[in-house]
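Notes for the one structure printed next.
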Amino acid sequence: MFRVVYEAVLRGLPEELECLSNLYRVLSTKGMCIGSQTMFICSYRDSIIIKVTPHSSKYIQGMQLYRDVAQPLTIAIVIEGGGADDIIDATTTVYDTAKSCGLSIRLLSE
C-alpha cells in the first residue's frame with residue numbers, strides 16, 4: 001500500500017475555493033467523488049482513494065496568538081492505493097490541477 005500526503009493552505013480567496021471545486025470535478029471524471037467543497041473523498045480508477053479534509057498544520061497552530069488576523073484553512077489531500085503507477089498518475093493529477101489554478105500545495109513527509 002502506497003500513501004502520498006499533500007498540504008494545501010487556503011487564505012480564504014474565492015479563487016482557492018473554486019480551485020478545490022475544480023479538483024473535485026477533475027477527479028470525478030476518472031472515478032466517483034462524494035462530499036462538500038472543502039471535504040470530500042474520491043475513488044480514482046477503481047484502485048485509489050483520495051481524501052480531501054481540513055488539517056491542522058504545525059505552522060498554522062503557531063499563529064494562534066494573532067486572533068485578529070484571518071486564519072488560513074489547511075487542507076490535507078491524502079492519496080492511498082496499491083499500485084505505484086496509479087499513485088503516480090493520481091498525485092500528478094492532483095498536483096497539476098492545484099498548481100494550474102494557483103493553490104499553494106506542498107508534499108508532506110509522514
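Since every read-out is calculated from the coordinates, none of them should be taken as a lab result. Computed from a predicted structure; not experimentally measured.
Couplings for segment 91-104, taken from phi via the Karplus curve 6.51 cos²θ - 1.76 cosθ + 1.60 with θ = phi - 60°, read 5, 5, 4, 4, 5, 4, 5, 5, 5, 5, 10, x, 6, 7 Hz in order; Gly and Pro are left as x. Taking a ≥ b ≥ c as the square roots of the Cα gyration tensor eigenvalues, with a/c under 1.5 meaning rounded and otherwise prolate when a/b beats b/c, else oblate, which class fits segment 2-108? Since a/c reaches 1.5 and a/b is larger than b/c, the shape of segment 2-108 is classed as prolate.
Starting from the amide H of residue 108, placed 1.01 Å from N in the peptide plane, find each other amide H under 5 Å away whose residue is 5 or more places distant or on another chain. Here the answer is 5, 6, 7, since their amide H atoms fall under 5 Å of that of residue 108. Using C-alpha pairs below 8 Å separated by at least 6 residues, the relative contact order for the chain is 41 percent.
Couplings 3J(HN,Hα) of segment 11-18, computed from phi: 9, x, 6, x, 5, 5, 5, 5 Hz, in residue order, whole Hz [Karplus 6.51 cos²θ - 1.76 cosθ + 1.60, θ = phi - 60°; x for Gly and Pro].
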